[in-house]
Amino acid sequence: MNIKILTLFDDYFDSPFSTGIIGNCINHDIVNVDIVNLREYGTGNYKKCDDYPYGGGPGLIMTADLFNRYYENNPKKSDDYTVLFSPTGTVFNQAKAKELSMKDNITFILGHYEGIDSRVETTYADESISIGDYVLSGGEAASIVVVDAICRYKGGLGNENSLIDDTFEEGTNGLLEYEQYTRPLEINNLKVPSVLLSGDHKKIREFRRIQSLIRTFTYRQDLFVKVDITKKDIFAIYDYLAKKSNNNS
């Protein structure tokens with residue numbers, strides 16, 4: 001897989017792309033990442049890449065002709081899928097990460113300052129993506145989030161089975177992942193649930209299902225309302241609420 005990132009701050013990626021899952025994919029030639037410094041296509045002695053917005057307003061806008069100069073020297077290929085980060089874009093989620101991981105060639109256009117001339121999105125982007133309802137100083141952090149999520153599907157984890165029970169994966173049916181424990185068996189007067197030590201895989205699966213239900217119900221009710229639940233699930237939630245009420249009283 002080839003990933004190209006168009007940015008004004010190429011050194012932003014030095015550490016994130018040399019470690020962890022992304023670094024693993026790069027080091028094993030699973031994913032090739034090309035960081036393009038757009039300042040090379042700026043104008044004048046200072047490599048100007050931005051200008052004041054028409055109509056007034058604060059800040060500076062990355063210019064359309066900056067991208068025109070880049071694409072004149074690097075024509076877009078037919079199989080190159082181009083993504084621009086924008087608040088108006090599709091909200092990024094696990095399904096989108098999986099979809100993008102199936103592309104062979106992706107280019108990410110990163111804005112900075114007050115944004116990018118809108119004609120860049122119209123001319124060059126196949127899709128716009130937002131990673132959430134908050135403001136970042138630029139698209140660099142957003143692109144790292146997306147590349148990390150993509151690399152999980154490209155073998156960066158080292159063990160494909162690690163994906164199966166991850167939160168937001170298809171096999172979890174929209175539930176948050178259950179609580180996890182490791183050694184020691186007891187710490188700070190908190191013990192590992194005994195069922196996890198039983199060796200009874202059926203009971204362990206049932207326990208983890210209930211834990212996922214409770215965690216989702218407690219922390220992400222927006223997700224819970226979308227989950228297909230059984231009568232058994234309803235009783236599990238009822239028992240949880242009854243015990244919680246008794247403990248509070």
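The values are calculated or read from the model by the stated rules, or taken from the named source; none is laboratory data. Here the structure is a predicted model, which is why all the values come from computation and not from measurement. Ideal geometry is used to build each Cβ from the backbone, glycine not excepted, and the neighbour counts take in all protein chains shown.
Table for the structure above
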{"read-out": "Conditions (1) assigned to a helix (DSSP H, G or I); (2) in contact (Cβ under 8 Å) with a residue 12 or more places away in the chain; number of the one not met by Pro53", "value": "(1)"}
{"read-out": "Residue check for Tyr134: at pLDDT below 95, of a type in the set (Phe, Trp, Tyr), farther than 22 Å from Gly42 by Cβ and surrounded by fewer than 20 Cβ atoms within 10 Å (Cβ to Cβ)", "value": "yes"}
{"read-out": "Asp11 being surrounded by fewer than 16 Cβ atoms within 10 Å (Cβ to Cβ) and part of a loop (DSSP other than H, G, I, E, B)", "value": "no"}
{"read-out": "Candidate set from segment 227-249 (those that are of a type in the set (D, E, K, R) and assigned to a helix (DSSP H, G or I)); member that is nearest to the chain's Cα centre (by Cα)", "value": "Asp233"}
{"read-out": "Qualifying positions in segment 114-145 - out of contact with any helix residue (DSSP H, G or I) (no Cβ under 6 Å at 6 or more places or on another chain), touching a residue at least 60 places away in the same chain (Cβ under 8 Å) and of a type outside the set (Gly, Ala, Ser)", "value": "Glu114, Ile144"}
{"read-out": "Answer from Gly174, Gly199 - the residue that is modelled with pLDDT under 95, on the phi > 0 side of the Ramachandran plot, assigned to a loop (DSSP other than H, G, I, E, B) and not assigned by TED's automatic domain parsing to the domain that holds Lys98", "value": "Gly174"}
{"read-out": "Residue match in segment 179-191 (condition: crowded, with 16+ Cβ neighbours inside 10 Å and either of a type outside the set (Asp, Glu) or not assigned by TED's automatic domain parsing to the domain that holds Gln94 (or both))", "value": "no"}
{"read-out": "Entirely in segment 58-131, the helices (runs of 4 or more DSSP H) that have 2 or more residues that are closer than 20 Å to Arg152 by Cα and charged (D, E, K, R)", "value": "94-101"}
{"read-out": "Extreme residue, nearest to the chain's Cα centre (by Cα), among residues of segment 27-69 that are surrounded by fewer than 17 Cβ atoms within 10 Å (Cβ to Cβ) and among the hydroxyl-bearing types (Ser, Thr, Tyr)", "value": "Tyr52"}
